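One structure is given here, and the rest of the page talks about it.
Any read-out appearing in this document is the output of simple, stated calculations on the displayed coordinates, not a laboratory observation. Predicted model only: the values in this text are computed from it and were never measured. In this analysis, Cβ positions are derived from the backbone assuming ideal geometry, glycine residues included, and neighbour counts consider all displayed protein chains.
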Amino acid sequence: MITDFKGKTAVLTGAGSGFGLECARVGARLGMNLVLADVQADALDRAEAELREAGATVLAQRVDVSNAGHMEALGRSTLERFGAPHLVFNNAGVGAGGLIWENTVRDWEWVLGVNLMGVAHGVRVFTPMMLEAAGHDASWQGHIVNTASMAGLVNAPNMGIYNVSKHAVVALSETLFQDLALVTEQIGASVLGPFFVPTGISQSHRNRPTDPAQASTPTRSQLINQIMSDKAVGSGKVSATEVAHMVFDAVRANRFYIFSHPQALGSVQTRMEDILQARNPTDPFASKPHIGAELRAALRSP
Ligand SMILES: NC(=O)c1ccc[n+]([C@@H]2O[C@H](COP(=O)([O-])OP(=O)(O)OC[C@H]3O[C@@H](n4cnc5c(N)ncnc54)[C@H](O)[C@@H]3O)[C@@H](O)[C@H]2O)c1
């Protein structure tokens, strides 16, 4: 359990914006060394300049988290500069939606590559060096936080590819928690499950690798998903700064599940009851039928 962050090292992926940047800001205030990783060069440069200005010791590296080689290089440069990191925030992620049969192979590769393989690479690269540090010093403490989503616990329609990636991150993280507990008491794990919070997530396509040969125009369901996510994310009432504080509080308390909107967990309970009673999945719009009716009408109109 990390209780004092001063002089410790945090690695943060997706550090150029949103939760990654806000956690880096909290880390800087607590006196941490920061390893900032992001694929978007201008956002990373701005974050690096701001956090240096705030007095933090910073290593910034342009990394595509879906790329195994990039993540291994990030591991090497972290180890060389600061030693094993105490806090690893596997957070970079992208959103994409639409009816699940309309997603292309490229859509699947991009979203699963970033959201799932990015976390898998972070765990694969950093956990062994953390275990080694813990093995050499009985007082060494570390923690890994993976960013999933409420979409990792329920399955809202018209955003299946994102749901699949985030369910996988929940599975990976729960297993990581159990696996770590088999071998050490010195490294904890958490999963962050935000609901809608205003960040850059609904504009994720800004960082999608371009491939003119594969360019396709968005389908109607994808356009509808874009409008609905812009609205839901933009009108979120909990800020990314508040979520960053929740992350650090959970690390201090060695708490696994981190929920930005505990009041939204009723939908998880409904899903669990669907499973336990082997009944068909409940209509997600049962409490707001007009939204369901609008969505059905928009998708069915000729
Ligand atoms: N904001 C929300 O409502 C919400 C809800 C649930 C889960 N999440 C999750 O939170 C995490 C952080 O997203 P955010 O909301 O802060 O959005 P954001 O877009 O503000 O930040 C995401 C960061 O990840 C970076 N990134 C994208 N692809 C990358 C790649 N291949 N390699 C490295 N970096 C990459 C982006 O450049 C960006 O800086 C994501 O995993 C997202 O799925 C967000």
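Quick notes
- For segment 259-302, the Kirkwood estimate of hydrodynamic radius, built from reciprocal distances between every pair of different alpha carbons, is 12.2 Å.
- Semi-axis lengths (Å, descending) of the ellipsoid that matches the C-alpha gyration tensor of the chain: 33, 22, 17
- Ellipsoid semi-axes for segment 226-289, based on the Cα gyration tensor and the rule √(5λ), read 27, 20, 8 Å when sorted largest first.
- In the chain, the longest principal axis of the Cα atoms and the axis of helix 240-253 are about 50 degrees apart.
- Normalised Debye scattering of segment 152-275 at q = 0.13, 0.15 Å⁻¹ gives log10 I(q)/I(0) of -0.69, -0.88, counting only Cα atoms as equal scatterers and leaving out solvent.
- Size of electric dipole in segment 76-192: Cβ of Lys, Arg +1 and of Asp, Glu -1, about Cα centre, debye, nearest 20: 200 debye
- Estimated distance in nm for a label pair at A215 and T3, the labels positioned 7 Å out from Cα along Cα-to-Cβ: 5.7 nm
- Total formal charge among the other residues, if their Cβ is under 11 angstrom from that of L59, Lys/Arg +1 and Asp/Glu -1: 0
- Modelled label positions at R62 and A232, each set 7 Å beyond Cα in the direction of Cβ, lie 3.3 nm from each other.
- Semi-axes of the equivalent ellipsoid for segment 1-142, computed as √(5λ) from the eigenvalues of its C-alpha gyration tensor and ordered from largest down, come to 27, 18, 12 Å.
- For the pair A54 and T184 in one chain, pulling the backbone fully straight at 0.36 nm per residue adds 43.3 nm over the alpha carbon distance.
- Residues whose amide H comes within less than 5 Å of that of M159, counting only those at least five positions distant or on another chain, are G98 (H built at 1.01 Å from N in the peptide plane).
- Annotation: amide H-H contacts under 5 Å for T147 (H modelled 1.01 Å from N, sequence separation of 5 or more, or interchain): N90, N91, L192.
- A full extension of the chain between R252 and E132 corresponds to an added length of 41.0 nm, given 0.36 nm per residue minus the alpha carbon distance.
- Highest mean packing first, where packing is the average number of other Cβ atoms within 10 Å per residue, the peptides 94-107, 218-231 line up as 94-107, 218-231.
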